[in-house]
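Following: one structure in structure tokens, then a few remarks.
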Amino acid sequence: MVVGTWLNQYPGVAREILAGGHELGNHTWSHTNFQALPEDQMLQEVVKCRDALLRHAGTPGDYFRPSKTQYATDQTLRVAGRAGYRTVLSYDVDSLDFTEPGGPAVRANVRPAKAGSIVSMHLGYRSTVEALPGILDDLAARGLRAVTAGTLLGS
């Protein structure tokens, strides 16, 4: 999931991500506290990011995930639908990597992941980069692997 302002700052990265076999989805324009916004501003956040995805990646992405909240509300589902998103993602495991607790802590935070889990992790954090090889090893040791949202959801 990408934030529109980030995507505008690094426009070439979107196509690199897609070329690497990954997916892109909408994570709001400015990564604000989405559910604290009035509905018209929620829609603006989704639409502006959708339009940035179209401009830089050639696709709006299949999924929306609201920023700064774990679960989607009925209002979130309604707003995302108005912007063209049929699927809104939540997550069940939070790595807390954005707090920069260090690689070992992020790895420990992800250990509860199980088949079907959606894990919240972020770009641009040293703790994430340090933890990721170990997280992937831990998953493999349990017969699990990281997959795209589309693979997970069968879409």
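Rule-based calculations on the coordinates, nothing more; no lab input. Since this is a predicted model, take the numbers as computed values, not measurements. Please note: Cβ atoms are built from the backbone with ideal geometry, for glycine as well, and neighbour counts cover all protein chains shown.
If you go through segment 72-96 one residue at a time, how many are surrounded by 19 or more Cβ atoms within 10 Å (Cβ to Cβ) and either within 11 Å of the chain's Cα centre (by Cα) or assigned to a loop (DSSP other than H, G, I, E, B) (or both)? Walk me through it before giving the result.
So in segment 72-96, the residues surrounded by 19 or more Cβ atoms within 10 Å (Cβ to Cβ) come out as 72, 76, 79-80, 83, 85, 88-89, 95.
Subsequent filtering for residues that are either within 11 Å of the chain's Cα centre (by Cα) or assigned to a loop (DSSP other than H, G, I, E, B) (or both) retains 72, 83, 85, 88-89, 95.
Here the count works out to 6.
Being surrounded by fewer than 16 Cβ atoms within 10 Å (Cβ to Cβ) and either over 16 Å from M1 (Cα atoms) or over 16 Å from the mean Cα position of the chain (by Cα) (or both) is the filter here, so list the residues in segment 31-57 that pass it.
Q35, A36, P38, E39, D40, Q41, D51, L54, R55 - these are the residues of segment 31-57 that are surrounded by fewer than 16 Cβ atoms within 10 Å (Cβ to Cβ) and either over 16 Å from M1 (Cα atoms) or over 16 Å from the mean Cα position of the chain (by Cα) (or both).
Find all pairs meeting these conditions: Cβ atoms under 9 angstrom apart; at least six residues apart or on different chains; first residue within segment 140-155 and under 14 Å from G21 (Cβ atoms) and touching a residue at least 60 places away in the same chain (Cβ under 8 Å); second residue polar (S, T, N, Q) and in a loop (DSSP other than H, G, I, E, B).
Note: pairs meeting the criteria are A149/S155.
Could you tell me whether T69 is surrounded by fewer than 16 Cβ atoms within 10 Å (Cβ to Cβ) and outside any helix (DSSP H, G or I)?
yes
Out of G124, G61, which single residue is more than 23 Å from T151 (Cβ to Cβ) and assigned to a loop (DSSP other than H, G, I, E, B)? Spell out the reasoning first.
Values: G61 fails: more than 23 Å from T151 (Cβ to Cβ).
Selected residue: G124, the only one of G124, G61 that is more than 23 Å from T151 (Cβ to Cβ) and assigned to a loop (DSSP other than H, G, I, E, B).
Would you say A105 is surrounded by 14 or more Cβ atoms within 10 Å (Cβ to Cβ) and under 17 Å from the mean Cα position of the chain (by Cα)?
When the stated conditions are applied, A105 does not pass them.
Name the pairs: first residue in segment 103-120 and over 26 Å from T87 (Cα atoms), second residue surrounded by fewer than 20 Cβ atoms within 10 Å (Cβ to Cβ) and among the basic types (K, R), Cβ to Cβ under 9 Å, at least 6 apart or on different chains?
G103/R126
How about segment 123-135: which of its residues are surrounded by 14 or more Cβ atoms within 10 Å (Cβ to Cβ) and out of contact with any Gly (no Cβ under 6 Å at 6 or more places or on another chain)?
Matches in segment 123-135: L123, Y125, T128, L132, G134, I135.
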